Structure formats: C-alpha cells, structure tokens
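Any read-out appearing in this document is the output of simple, stated calculations on the displayed coordinates, not a laboratory observation. Only a predicted model underlies this, so the values are computations on that prediction, with no experimental measurement involved. Quick reminder, even Gly has a Cβ in these numbers, built from the backbone with ideal geometry, and neighbours come from all protein chains shown.
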Amino acid sequence: MVVSLDHLPEEILHSILCDLHPRSAAALEQTSHRFKNVTSGPLLWRHYCAVYFKSWDKKHEILQKLTAPVPSVDWKALFAARYRIDRAVTRLLDSILASQTGRIEKFRAVIDYGYDAKDTLLRHSQVESGEDHLARRYYARALLTCLHRSIAVPEWARLRQGEPVSLERALGAFDLFVPESGYGHLDEVKGTLDGLVAQFGASHSEMDDLSPRDKALLLASWLRDHDLTGIEPGRQYHALEHNFLGLALNSPGHNSLPLISAAIYCYVAQAIGLDAHPCGFPFHVHVVITPPSGVDMNGEAVSGVDSGPPMYLDPFRGARETPVSDLRDQLIFLGASETEQVAFLGPSLTSEIVQRCSRNIWTSINSTPNPPDGHATSVDVVSAKYASLWSSMLLTGDSRPMDLRHHLPLLMEIFATDFPSDIFLVEQYIVPLFQGLFEHEHILESLHVMRAVDEIPKQVRRRTGENQNIRYSVGQVFRHRRYHYRAIITGWDRECGAGEQWMRRMGIDRLQAGRHQSFYHVLVEDRSVRYVAEENIDLILPEFRDLPSSLTSIAGKHFKRWDQSSRAFVSNMRDEYPDD
C-alpha cells in the first residue's frame, strides 16, 4: 500500500520540511487544510529563521527571541519580513548593475535595511558564474563594506559627543573599514575577546586566592605564552596589520603594536576583576592597574588612603612589572612637567586611545610604503587610510579647526575616488563639523555635484568616424611598455584629454606621437587609476588565473565577466563604450 503525505504524522512532516526550502512549506500549506498545523507551526519557522538568516539587525533582538518560549514569537511573520528584505535588496543590486545612474540612492536604500541586508549581500558576493558575476560580486562587496562603515562611524561619533563607548568597540570600528579583518559587526570582536576570557578562566580556577598583583602578572604571562600580545621576531614593527584589534585576534600570529596588546590585556583583566586601563605613556602604551579600595596590589589592607599605589605593566614585552620610577625618569628626560606626568601616568580616555591608534595607522602607511619581500601587508592601504582619516576628523575637538582643515582634502579625495557610496555618511557626520567655517559651502557643493553626476546618463561614444582608429578596446589587459605594471583598459580618448599643466608635467609632448594619439583610462594592479598613451601599451593576453587578485577583485566595477575565448574582460558599460 502506498502511503501519501496526509497519512504521515505531523512530526515526520515537520522533519521533512526542515530539510526543504521554506517555499515548499508555503506551497504545501496551500494544498490542504490538513497540513496547516505543521506548515504554520512556530517551531518550523523558527528553524527557518535560524538556518536561512545568520545576520540580524539589532532591532529584532534575535537572541532574546531565540531563548524565549517558541509560541511567544510570530516566527512565520518574522521570516516573511526577512524574506521580503532579501528580495528587495536583490532587486536594488540588480538595478545597480543594470544602470549607471541613480546608484547613490540605491546604495542608501540597501544600507537603510541595516544588518538585515548582510546575508543577501554575502550570497551575491560569492557568486562564481553568470553573465554579470564579476560586477555582482564587486558591488555586493562594496555594499557590504559600506554597511560595515555605517556601523563603525556612529561609534566614533558617540565618542565625540561624550557618550560612553567601550574600548573594544571603539578600536574594533577600525576593523570594519578593512575587509581583511573578517569582522562585520562589533559584537563579533567582543565575542572573540570573551572567548579569551573563558580560556583563561578555565585554565586558572585558583585566581580568587591570588593578590591583584599576582593576578595581573599571571594574565600577562598567559597572554604572552599564547602569543596573544607582542610581535613575532623578524616581523616589521610598523606593519600595517599590527594596528588592528580584530586582525590581531583573528590572525594566527596575533601580532600587535603595544596599544593593541594593551587593549587585549585590559579587556581580559577587567573581566577577571582587575581595574586595568591603557596608560598613554609617550611612544609606548602601557597598562595601569589600580588596586581595589582599601587594599594595595599585594592584597594587604591600607589605612588613611582609598587604595594603594597602582602598578604598571607592558603586556607587549611580557609579564614583568614596570617600576613607576623608571617611567617618571623617562618623562623627566622628555621634559614633562609635573602636571603632564600625572596625565601620562593615569588612565587614558577611550577617545585618546582611538586617536593614537589613528596616528599609528598613518605612521605605518607612511613609514613602510614598500614592504620588504615576504612581508607585504595583508591590509588594503586605501581602506586603512580612510579609517584613520574618519576617526581623526570625528575625534578632533571643535577648538582645533586647523586639524579638521588639514584632514578634509585627504578624506574627500579618497571618499570621492574610492568610496562614493559613503555620501550619506559624509552628509550626516562630516558636514556638521564645518558649520560656520568657509569649507562648509564647498563640501555641500561637492556633494551636490556628485549627486548630479550620478543622475546623468553616460555619453555614448562609438568607434565610427573620427574614433575608428582607436587601436585597443575596453577590457583588454596589457603590460606598460616602460614601467611593466599590468592593467585593464576601462576607457579611451581619441587624443589626450588631460589639462595642459598635467601634460607639461608628464612630458607628453616628448612622446613619439605626442598628445595627438589615443590615450586610455586604465585600472592598474595596485588599484590605482592611470592615463596611458597608446604607444606605451604593450598588449598581453594573460589567462584569467595569471592576473593578480588585486586586479580581478575590483574588475567588477567596470566589467561583468571574463571572456575566455577572447581573453579579455567584457564591459558592463556598453552605454558608454558600445563598440569596445
């Protein structure tokens, strides 16, 4: 006898539906009232919510819902809401790929969905096939990084307003700017640090019997033994990746500058009951630990004062206490006054540590422009510089307008060139900083121009008439004849279209064909955009796998796919260069 679905117990139907797509449950519900109990049951839709969506905006309070009684939450409605967001984000991404106009507002619409958009963007960022897979991956990743920055920037803005922001969140915000960190939310950084706390607690159950000093030294020793602080021998001190808390926690070597090592130490120390804070000592961040009220660092009672003197540690170098007399001698040598010594030896504000981290990032970028062989940075330099500028701008005091003016041109240049999708962040957080200053109107005008250009269809230029002698096509890959870098052609001009001053500076008229030859807009393997004369192009036909990842990862900005037959990129800008 053949058993049909309506003869199966609801428990069996539930198990079957758990392994099928939610659409199957919705379709089964519409076939018969017999299946309504199992297809509408909150347990099934709770399962779908947990399996199909990993990232949830904080407004859903998903952790509380998952631990609450199952019937207390309308799981089916919650899944339906997330499913509609998934469809909406996909439609917006498709629209971004289909048209070059109106992208700013489409980006903003995606970001407005908050963290609910992340699962959808992750899925599209990992596609491996399809007519537009290169462009789809590029713009999905661009949206993801924009979403992460929209989480990071408000943390620094709250610090600027004097609101309490924990050190791990304030430093973790830097990691959200760099995709290489692997973090997409500040709670993930905290979760990793909580894991260290659990590991330390599990291996040292006797901590309650230790004095504050012994506990502090034990923690410093444990972190150093597990390579969670300091830098491995042979590594360059100012390597860019050493400035990021999330990268230090995620990478196998856990290499970090003293500031990051101190932040890791302080988080675990505070979790085990120590009053530990970074101490902004010049040139090298230490940790200052204050004993509990009424006792000293040895746990012995003190009278006449609130507590005994603090102790100082340098977790970067190991588990050895730093005598305060040594620190004072260094400050005296540096010419610090008594008031300055008190400030340098006391706990630093979170905003001060963030500013110091920002300066460290800038120092790393400028001190190691060409890392030695085998030590190439794993961090995107442009993203790191962008993070440093944002934090510096937001945490510069209102009494220092010259500092704001100093950083503004650099920030606006990188924003306009590499991160134009952040226009709403600039409008919300940067523009108000210049209220009452003469730069205010200039910024507004620049943003207005960007929005206007975003709405203008690109000019059509065809390879006919006066353009028929353009030799190379959009999408072809070449090696520069003189400088030997590899690049992709993204556009062309019939003659040099640069300004007279640029042509004189670059010696264009000294070229064999001078300015009266085709010039090409190109995307270089180091992510820079350059303008190359036709006579300097030495065309090559590489296999896709031979191209550097730095080139292919951002090729989707200009191209949809790689055409194996012609060994060239196929452009998604047919409206601009229809005959290329």
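If each DSSP helix of 4+ residues adds -39,500 (n - 2.57) and the sum is divided by the residues in the chain, what number results at 222 nm, nearest 500 deg cm²/dmol?
-14500 deg cm²/dmol
Amide H to amide H distances under 5 Å link Thr322 with Tyr312, Leu313, Asp314, where only residues 5 or more positions off or on other chains count and H is placed in the peptide plane. Karplus-derived 3J(HN,Hα) values for region 43-48, using 6.51 cos²θ - 1.76 cosθ + 1.60 with θ = phi - 60°, are 5, 5, 6, 5, 4, 4 Hz; glycine and proline are entered as x.
Label sites at Leu437 and Ala452, each approximated as a point 7 angstrom past Cα along Cα to Cβ, lie 2.5 nm apart. Spin-label pair Met402-Arg515: with each label point 7 Å from Cα along the Cα-Cβ axis, the two points sit 4.0 nm from one another. Note on region 169-367: Cα Rg divided by 2.2 N^0.38 Å, N the number of residues, gives 1.03. Among Ser337, Phe316, Thr363, whose Cα lies farthest out toward the positive end of the dipole of region 303-366, if unit charges sit on the beta carbon of Lys, Arg (+1) and Asp, Glu (-1)? My answer, from the dipole projection, is Thr363. Exceedance of the 27 Å cut-off in Cα-Cα distance is limited, within the set Lys385/Lys458; Lys58/Lys106; Lys76/Lys190, to Lys385/Lys458; Lys76/Lys190. All Cα-Cα separations within the chain were binned at 10 Å from zero, giving a P(r) of 3, 13, 20, 22, 18, 13, 7, 3, 0, 0, each value a whole percent of the pairs.
Grab every C-alpha pair in region 127-259, bin the distances at 10 angstrom width from 0 up to the longest one, and report whole percents. That works out to 11, 31, 31, 20, 6, 2, 0, in percent per bin. For the pair Glu128 and Phe333, the difference between a 0.36 nm per residue extended length and the Cα-Cα distance amounts to 67.8 nm. Taking a point 7 Å from the Cα of Arg91 along the Cα-to-Cβ direction, the residues of region 103-141 with backbone N closer than 18 Å to it are 103-114, 116-118, 120-121.
Note on region 245-335: Rg/Rh from C-alpha atoms, Kirkwood Rh, equals 1.03.
Placing +1 on the Cβ of every Lys and Arg and -1 on the Cβ of every Asp and Glu, with no other charges, gives region 396-454 a dipole of roughly 100 debye about its Cα centre. Among Val287, Val477, Val381, Val460, the order by Cβ neighbours within 10 angstrom, fewest to most, reads Val460, Val381, Val477, Val287.
Spacing of the modelled spin labels on Ala81 and Lys36, each 7 Å from Cα toward Cβ, amounts to 2.5 nm. If you plug the beta carbon distance of Ser378 and Glu300 into 1/(1 + (r/R0)^6) with R0 = 56 Å, you get a FRET efficiency near 0.75. For region 151-156, putting each phi into the Karplus relation 6.51 cos²θ - 1.76 cosθ + 1.60 with θ = phi - 60° gives couplings of 8, 6, 4, x, 5, 5 Hz, in residue order, rounded to whole numbers and with x for Gly and Pro.
At q = 0.14, 0.20 Å⁻¹, what log₁₀ I(q)/I(0) does region 266-418 have when each alpha carbon counts as one equal point scatterer in the Debye sum? Treating every Cα as an identical point scatterer, log10 I(q)/I(0) equals -0.89, -1.27. In plain terms, the bigger the Kirkwood radius, the slower the diffusion; for region 396-454, with that radius from Cα pairs, at 20 °C and 1.002 mPa s, Stokes-Einstein puts D at 181 µm²/s.
Just subtract the alpha-carbon distance of Thr464 and Leu410 from 0.36 nm times their residue separation and send over the number in nm, one decimal.
Between Thr464 and Leu410, full extension yields an extra 15.4 nm.
Counting Cα-Cα pairs of region 1-150 in 5 Å increments starting at 0 gives whole-percent bin shares of 2, 8, 17, 17, 15, 13, 11, 9, 6, 2, 1, 0, 0.
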